[in-house]
Amino acid sequence: MSVSPSPITVDIWSDLICPFCWIGKRHFEQALEGFAGKHQVTVRHHAFRLGPDAPVAPVGQMLQQKYGLTAAQAEQNQAHVEQMAAAAGLNMTLAGTFYGDTLKAHRLVKFAQDKGLGAQAVERLYRAYFAETQSLFDEATLVALAVEIGLDAAETEAFLKTDRYADTVQEEQEFITLRGVQGVPFFVINDRYAVSGAQPVAGFTQVLNRAWDDLPPEVKAGPACDDGVCAV
């Protein structure tokens, strides 16, 4: 992975159709908002596909087949996750969502990252999928969402017809799975502290504070102005 200029780096592995990933992301953001060193944190998003090569199918159907649930049990499962999301301040509707290989959506995030719009792409795709029941498996939808965050429609459409960044997506997943990680979300802070799953806000706060305590005082202070003079 590339070197970050910030003293604290948070690497996040997630899938764009994983409800706990969006919930975990929001819990982390809430913890970061109250963190003393929040302006000295770099966040990097990495791809993780829960269903490589999986055909597109209704999420409810996938839950029944994968976990042996009845239709009613699958609905209860989804309702519970929606309640967790609501507690985090997220509007999530899982009925009508689809499961499948998110390679194309992850490639789009990489494309957006090259344009300085990676964070916007991740959040927009989450909201489109979970709050608006839009498909992340449809190229026209992905192009429309890309335009909303500031990407060019024609350039994005042409990009999606290639396999650019497919290797990058695969490499990012292999990097973490080779270290024993099989599920997401997964957070790594400064290559030292790991947080698995959609932990509560307090859990992220604790780890951020640990990483902050590891830093020397001069790093924590950061750039400053003294008596009207700012050193550049």
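What is the antiparallel percent of DSSP beta bridges lying wholly in the chain, to the nearest 5?
Details: 12 of 19 bridges.
Of the beta bridges lying entirely in the chain, close to 65 percent run antiparallel.
Lys38: which lysines have alpha carbons under 19 Å from its alpha carbon, excluding same-chain residues fewer than 8 sequence positions away?
List returned: Lys25, Lys220.
What is the angle, in °, between the Cα long axis of helix 71-87 and the longest principal axis of the Cα atoms in the chain? Nearest 10 is fine, range 0 to 90.
20 degrees
Could you provide, to the nearest whole Å², the per residue accessible area of the chain with probe 1.4 Å?
Value returned for the chain: 51 Å² of accessible area per residue.
Please name whichever of Ala95, Ser196, Leu69 sits farthest to the positive end of the charge dipole of the chain, dipole taken about the Cα centre and charges placed at Cβ: Lys and Arg +1, Asp and Glu -1.
Result: Leu69.
When only DSSP loop residues count, what GluC sites (Glu not before Pro) in the range 119-216 have their Cβ near at most 15 other Cβ atoms within 10 Å? Working shown, then result.
Values: sites: Glu123, Glu132, Glu139, Glu148, Glu155, Glu157, Glu171, Glu172, Glu174; in loops: Glu132.
Passing sites in the range 119-216 are Glu132.
Taking R0 as 30 Å, what's the FRET efficiency between Arg164 and Val56 from their Cβ-Cβ distance, rounded to 0.05? If you can, show how the numbers build up before the last one.
Details: r = 22 Å, r/R0 = 0.72.
So the FRET efficiency works out to roughly 0.90.
Working from the pairwise distances between different alpha carbons, so that the mean of 1/r is found and then inverted, what is the range 130-190's Kirkwood radius in Å? Display every interim value, and only then the final one.
Numbers: mean 1/r = 0.0710 Å⁻¹.
Hydrodynamic radius (Kirkwood, Cα only) of the range 130-190 equals 14.1 Å.
Suppose R0 equals 25 Å. What FRET efficiency, 1/(1 + (r/R0)^6) with r the Cβ-Cβ distance, do Glu139 and Glu174 give to the nearest 0.05?
0.45
Can you compute the modelled spin-label distance between Val147 and Gln64, with each label point 7 Å from Cα toward Cβ, in nm?
The modelled label-to-label distance comes out at 3.7 nm.
Straight distance only, please: which lysines reach the Cα of Lys115 with their own Cα at less than 20 Å, same-chain residues fewer than 8 apart left out?
Within the straight-line limit of under 20 Å, Lys115 reaches these lysines: Lys104, Lys161.
Ordering Val56, Val122 by how much accessible area each has at a 1.4 Å probe, largest first, what is the list?
Sorted by accessible area, descending: Val56, Val122.
For helix 118-131, report the angle its Cα long axis makes with the longest principal axis of the Cα atoms of the chain; keep it between 0 and 90° and round to the nearest 10°.
Compared with the principal axis, the helix lies near 40 degrees.
Tell me, what % of the accessible area of the chain is carbon and sulfur with a 1.4 angstrom probe? All intermediate terms of the calculation are to be shown ahead of the outcome.
Details: 6180 of 11750 Å².
The value for the chain is 53 percent carbon and sulfur by accessible area.
The values are calculated or read from the model by the stated rules, or taken from the named source; none is laboratory data. Bear in mind the structure is a predicted one, so any value in this text is a computation, not a measurement. With ideal geometry, Cβ positions are generated from the backbone for all residues, glycine too; neighbour counts draw on all protein chains shown. All accessible areas refer to the heavy atoms of the entire protein, side chains included, with ligands and DNA or RNA removed. Shrake-Rupley method; radii C 1.70, N 1.55, O 1.52, S 1.80 Å.
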